[in-house]
1. Looking at (1) surrounded by 23 or more Cβ atoms within 10 Å (Cβ to Cβ); (2) within 25 Å of Pro365 (Cβ to Cβ); (3) within 18 Å of the chain's Cα centre (by Cα), which is the only condition Thr475 fails?
2. For region 280-325, how many residues are in a loop (DSSP other than H, G, I, E, B), touching a residue at least 12 places away in the same chain (Cβ under 8 Å) and under 30 Å from Arg249 (Cβ atoms)?
3. For the condition under 20 Å from Ala100 (Cβ atoms), assigned to a strand (DSSP E or B) and in the same structural domain as Phe337 (by TED's automatic domain parsing), what is the one hit in Ile125, Ile170, Ile182?
4. Name every residue in region 317-341 that is closer than 22 Å to Asp235 by Cα and not aliphatic (A, V, I, L, M), in order of residue number.
5. Given (1) out of contact with any Leu (no Cβ under 9 Å at 6 or more places or on another chain); (2) over 17 Å from Val270 (Cα atoms), where does Gly93 come up short, assuming only one miss?
6. Of the conditions (1) in a helix (DSSP H, G or I); (2) farther than 17 Å from Arg326 by Cβ; (3) of a type in the set (Asp, Glu), Asp247 clears all except one; give me its number.
7. For Gly232, indicate whether it is at positive phi, in contact with a Lys or Arg (Cβ under 7 Å, 6 or more places away or on another chain) and not β-branched (Val, Ile, Thr).
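The values are calculated or read from the model by the stated rules, or taken from the named source; none is laboratory data. All figures in this text were calculated on a predicted structure; none of them were measured in a lab. A quick note on method: Cβ atoms are made from the backbone with ideal geometry, for glycine too, and the neighbour counts reach across all protein chains shown.
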Amino acid sequence: MSGIVLSARGRQARSLALGSFCLMLATLVTAGPSLGQSQTAERAAGKPLFRAGAFASNITPPLGELIVGNFTTPPATHIHDELHARCLVLDDGKTRLAFAICDNVGIPREVFDTAKKMVNETTGIPVDHILMAATHTHSGTAARGKNSVVADKELSGYQQFLAQRIADGIRQAVNNLAPAQIGWGAVDVPTQVFNRRWHMKPGTPNPNPFGGEDKVKMNPGRGASTLLEPAGPTDPQVSFLSLRSPDGRPIALLANYSLHYVGGVPIGHVSADYFALFADRMQQHFKADRLDPPFVGIMSNGTSGDVNNINFREKGEPKAPYQKMREVADEVAAAVFKGHQSIEFRDWVELDAAQRELTLGVRKPTEAQVDYARQVLAKPETAKPTGPHERAYATRVLQLHESPSEVHVLLQTFRLGDLGIAAIPFEVFTESGLEIKQKSPFKPSFTIELANGSYGYLPTPRHHVLGGYETWMGTNRVEVEASEKIVKTLLDLFAGLKNEASSSAR
């Protein structure tokens, strides 16, 4: 493990000081409504001013781009609903934090790094104060590179477009900065989260693509007689962060739910899934249509690598396209709106951030696994497979065999007063998210996954022993102990932010 903490208020002040006078002047000019008489009066009185700005930047690809998220990649033939990078910028008078939550299945670090560089050059916000993440919709088009542990030398056309539009969204949120109040809360919605990894009854066949048998099965079939029990927990909590103007106008709401995408989308359709529907429902609840600047609802993906919305204990009924995601969005939004009625809004909170680059080992196949993969690929494509998706995983095994032995991932923490937010560039198992919530010195805390990169699934060591889709080599690409190292690093970063908060309070 290696890396240096890139901290916080002092670093940001230094970065801003090194910017040119012209950049600083441009930032002030673009702040628009934040530089009115109200702010001038607050500053004249020596009172710090809290501001927030939000913007939804359209990142919809053209028709014909390939839709990813499954083992087939059909071209996009219809835009059901537009994709967005939903952006939020917070400013406590000393420090700025920026969020960009993007409708995509997974975005590589090099795309986010490109966007962050653009934001820094145009706004002065340090790159370590910018959190960018994907929602994991399975009905968006590809932004991934050829190999998730090796950066492509050049960005593709859509990747370049995506980076620019994410950066534009944060710049627009800066333009919309205005005096704001901040509050947060949490509600439980247990009816839409179910662990999708199951122990099966003894004797139930459960082959994997590598010629062996797993101890648990992902998505085992609804109401199957062979089901025994789920292999892990769920996290029913929906955390949310709300911003409003001093006179009560809603500015933005950022929520976090540990639920995978919902799906139920016809082939060829582009959709932002329940994440966008939730945002729309919150706008309806707040009666925030046609505001200027527009209200921005945001749903981020929590630790949901082993969770979906399917209750496997029941047979279930067929759903029309988009029906289930509407049901999920309606229930979650209604619960958040109800919980929102009792939260406390604050006129000011202190902001802070820290991040660290962590070096992880890349999983490497044994010589026997490499030989088996080559044997699979040598068979005719029409040959009967001995395990699920064996040709696809044979290709992935060989790719890992030829990949570098290490990968450098970015871990990040934000502090908003007493609220802590962690960011992990994987599809994280719920157990890890619950551990972070329990051990974080900030109460409450939550984790945004697929943030600042996309490196596949992150099972815990216990789940690696059990096997299953999320642990397969090629679905999971890093060392078995990676989740433990990541949780420890994030808790160390949180502890550092806590110490800084205690020092500043003295």
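1. (1)
2. Number of matching residues: 7.
3. Numbers: Ile125 fails: assigned to a strand (DSSP E or B); Ile170 fails: assigned to a strand (DSSP E or B).
Unique residue meeting the criteria: Ile182.
4. Our first condition is that a residue be closer than 22 Å to Asp235 by Cα; within region 317-341, this holds for 324-340.
Scanning region 317-341 gives Lys324, Arg326, Glu327, Asp330, Glu331, Phe337, Lys338, Gly339, His340.
5. Status for Gly93: all satisfied but (1).
6. (1)
7. Details: at positive phi: no; in contact with a Lys or Arg (Cβ under 7 Å, 6 or more places away or on another chain): yes; not β-branched (Val, Ile, Thr): yes.
No; evaluated as a whole, the condition is false for this residue.
Condition check ((1) modelled with pLDDT under 95; (2) in contact with a Ser or Thr (Cβ under 9 Å, 6 or more places away or on another chain); (3) surrounded by 18 or more Cβ atoms within 10 Å (Cβ to Cβ)) across all residues:
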| site | (1), (2), (3) |
| --- | --- |
| Ala329 | no, no, yes |
| Val370 | no, no, no |
| Arg374 | no, no, no |
| Leu377 | no, yes, no |
